[in-house]
Amino acid sequence: MGAIYLDSDKCVGCNACVRACPVMDANVAKTNDEGKLVIYIDEDKCIKCGACIRACAHHARTFGDDMEVFLKDMQAGQEMVLIAAPSIKIAFDGNWRHVLQWFRNQGIKKIYDVSFGADICTWAHVRYLQKNPGKKLISQPCAAVVNYVLKHKPELIPHLSPVQSPMLCLGIYLRKVLGYRGRIAAISPCIAKADEFHDTKVIDYNVTMEHLRDYFRETGVDLPQIKVFSEFEFDDHIGLEGAIYPRPGGLMRNLLIHDPDMQVITSEGTERLYEDLNLYLKQKKSDLPTVFDVLSCKDGCNGGPATGVDYHCFAMNNIMYDVEQYAKNVRRTAKIKKGHDLQFDEFDRTLNANDYIRTYQAHNNKNIEVSEADIERIYKMLGKETEQQKHFDCHACGFRTCRDMAIALAKGINEKENCHQYMLHSIREERQRVENVNSQVFSMNEEMMGVFKELSSSIQSVKEEAELIRESGLNTADKMNILTEHMSKLAGLNDHIKKSAEHITESIEGYNVMTRDVEKIAGQINLLSLNAAIEAARAGEAGRGFSVVASNIRELSDNSKSSVASAKENDGAIKEAINEITQVIESFNDTIDDLLQSVQEAIVDVNKTSENGQVIKESMDTVSTMADNVKQVIKETNVILQ
């Protein structure tokens, strides 16, 4: 559970974690599917120093511990004891005793002081060095340092102190001396302790102080916030000088109390320590101190990544001052007697130093080897040709040198886009390409301006022609309307002619009736004249005058018949002429109707032409406006391009 977690949604790829991390390979920069650069964690390479968590201003990195499992088991009544690191005094300044009393109230019967384990740790170091004169040691209470050595610098393992850490010393004491077989939970300020507990199998839970503080706040556990006396006391032995272990150089100060001539130097903080460890390997054995006391956190365990507080050095010093004075007073009154260290004497009688010795096994991490040719290839890819470019060292990528970044790229754990200088070079090249494109666009815009000028002129001509078409169409429509009126009048006159012809036909028909009547009368007169002639003949001389009259009547009858016959002939001719006139009139009517229909259709077409002319004019107005807008945009673009 002692892992460092990443919330990729919060990661902005600022490289602060890379910059803070003492291990190059632990962070892997990759662009995700959304095109966002995210700094992922390689769990196999991470030493869990927690530096990246402190450095991340975006809270993209958090850590896990055994808090939830521990609370669940505690509430279930699982048999367990609790050990508390001395840095609890920093994490819960003023009420740390109340915190431990709360656990006792929850049913944990035994709570032990890790300071006592620190005293055992000091004793074991002194005795080990006495038995191994000339041995050069690197202290190992810092689990992050141990992770670094096992994962990345196995060549340092022979120098790594075999003496267990104070927490492990206390855990071993509980099991070997007190015979405890239950579970042990450690309240610690360290994320990496989880790996130590996992590898040694002595302690079962790593309960960090920060998550404990979070639990109290979230569940409303109300602890006294003022420094008041508490009935709480640690079980069994309490630590003496071991209480100052969490301070920078704590182990050194403890060793020098028991062996003032011992050569001990210190190094703390990720910014310095890991470089010092690399330098350690390059030194002559004679130049190395007897003990190199190292802590990954610059403020020691009091500034551990899981304390949940961030006090400045003066505040920490004030808190630890009382602790140190207490340890000195106890030592003066009880620990030293007649030149003997009573505590160490007790340890010599009751403890087996070999029980507190640890062996180390390097992790089988496969480190990718990078050659100078690989580095030069990366330099070339990044556009770094000169020595100045190869040593630009802007730190924007998170690495201290361009060479380190080149190595990371060669290993495939970073991306070239994360190089500030490469991006500047790419931006300059892109800018040059943009300028070239802008120049071409400017030239094309100039050509387009000429085209638009011609287009504007053509549009104006089309507009004028459309206007002429529209006006001509309107005039033609007017004339066609006038022609329609004349044709309508002509059709009316034709109707009158047709009606007059019909009247003539009717009159001729009446005349025919009269002719027939005359013909009948002539027949009757002829019959009468014949009868009159017969009677005149009978009368003889007396009827001679009457015979003349009868003869005249017959002649009149014959003339009437002749006139009727002539009238019939004329009537036939008139009828034929009238029929011809009627046909002509009907044909004229059909022609007039066709002509009127054609004229009406022509009027519709002319009106459409006029409307189309208006539409063309309006369309040309729109195109002209668009052309003006495009011309304006081109002008503005050219101004920008210039």
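The values are calculated or read from the model by the stated rules, or taken from the named source; none is laboratory data. It should be emphasised that the depicted structure is a prediction, and the values quoted were computed from it without experimental measurement. Please note: Cβ atoms are built from the backbone with ideal geometry, for glycine as well, and neighbour counts cover all protein chains shown.
Looking at the structure I just gave you, is Val81 surrounded by 15 or more Cβ atoms within 10 Å (Cβ to Cβ) and either more than 28 Å from Thr219 (Cα to Cα) or acidic (Asp, Glu) (or both)? No; evaluated as a whole, the condition is false for this residue.
Can you name every residue in the range 10-35 that is assigned to a loop (DSSP other than H, G, I, E, B) and in contact (Cβ under 8 Å) with a residue 24 or more places away in the chain? Of everything in the range 10-35, those that are assigned to a loop (DSSP other than H, G, I, E, B) and in contact (Cβ under 8 Å) with a residue 24 or more places away in the chain turn out to be Lys10, Cys11, Val12, Gly13, Cys14, Asn15, Cys21, Pro22, Val23, Asn32. For the residues Glu485, Glu447, Glu430, Glu465, the requirement of being at pLDDT 70 or above and either closer than 30 Å to Ile39 by Cβ or surrounded by 14 or more Cβ atoms within 10 Å (Cβ to Cβ) (or both) singles out Glu430.
Would you tally the residues in the range 256-280 being more than 20 Å from His125 (Cβ to Cβ), among the polar types (S, T, N, Q) and not in a loop (DSSP other than H, G, I, E, B)? Selection size over the range 256-280: 1. Tell me the residue from Leu279, Leu170, Leu273 that is among the hydrophobic types (A, V, I, L, M, F, W, C) and without any contact (Cβ under 8 Å) to a residue 40 or more places away in the chain, please. Within the list Leu279, Leu170, Leu273, the selection yields Leu279. Of the set (1) in contact with a Leu (Cβ under 9 Å, 6 or more places away or on another chain); (2) closer than 19 Å to Phe399 by Cα; (3) among the aliphatic types (A, V, I, L, M); (4) surrounded by fewer than 21 Cβ atoms within 10 Å (Cβ to Cβ), all apply to Ala20 but (1). Scan the range 375-427 residue by residue and report those that are among the polar types (S, T, N, Q) and either free of Cβ contacts under 8 Å to residues at least 12 places away in the same chain or within 23 Å of Gly35 (Cβ to Cβ) (or both). Answer for the range 375-427, where residues must be among the polar types (S, T, N, Q) and either free of Cβ contacts under 8 Å to residues at least 12 places away in the same chain or within 23 Å of Gly35 (Cβ to Cβ) (or both): Thr386, Gln388, Thr401, Asn414, Asn418, Gln421, Ser426. Checking each residue in the range 369-393 for being of a type outside the set (S, T, N, Q), on the phi < 0 side of the Ramachandran plot and surrounded by 13 or more Cβ atoms within 10 Å (Cβ to Cβ) picks out Val370, Asp374, Ile375, Glu376, Arg377, Ile378, Tyr379, Met381, Leu382, Lys384, Lys390, Phe392.
Return a yes/no flag: does the range 385-406 have any residue that is outside any helix (DSSP H, G or I) and farther than 28 Å from Glu271 by Cα.
Quick first cut of the range 385-406, residues outside any helix (DSSP H, G or I) only: 385-386, 391-401.
If we keep only those that are farther than 28 Å from Glu271 by Cα as well, we get 385-386.
Within the range 385-406, one or more residues are outside any helix (DSSP H, G or I) and farther than 28 Å from Glu271 by Cα.
Taking the options Ile39, Ile47, Ile88, name whichever one is surrounded by 20 or more Cβ atoms within 10 Å (Cβ to Cβ), touching a strand residue (DSSP E or B) at 6+ places or on another chain (Cβ under 9 Å), of a type in the set (A, V, I, L, M) and under 19 Å from Gly303 (Cα atoms). Reasoning before the result, please.
On the way: Ile39 fails: under 19 Å from Gly303 (Cα atoms); Ile47 fails: touching a strand residue (DSSP E or B) at 6+ places or on another chain (Cβ under 9 Å).
Answer to the check: Ile88.
The residues in the range 407-416 that are touching a Phe, Trp or Tyr at 6+ places or on another chain (Cβ under 9 Å) and either more than 19 Å from Tyr40 (Cα to Cα) or not in a loop (DSSP other than H, G, I, E, B) (or both) can be counted, and the count is 3. Residue-level check: of (1) farther than 24 Å from Tyr356 by Cβ; (2) in contact with a Cys (Cβ under 9 Å, 6 or more places away or on another chain); (3) buried (at least 20 other Cβ atoms within 10 Å of the Cβ), Asp119 misses just (1). Taken over the range 62-96, the criterion of being farther than 28 Å from Thr350 by Cβ and of a type in the set (D, E, K, R) is satisfied by Asp65, Asp66, Glu68, Lys72, Asp73, Asp93.
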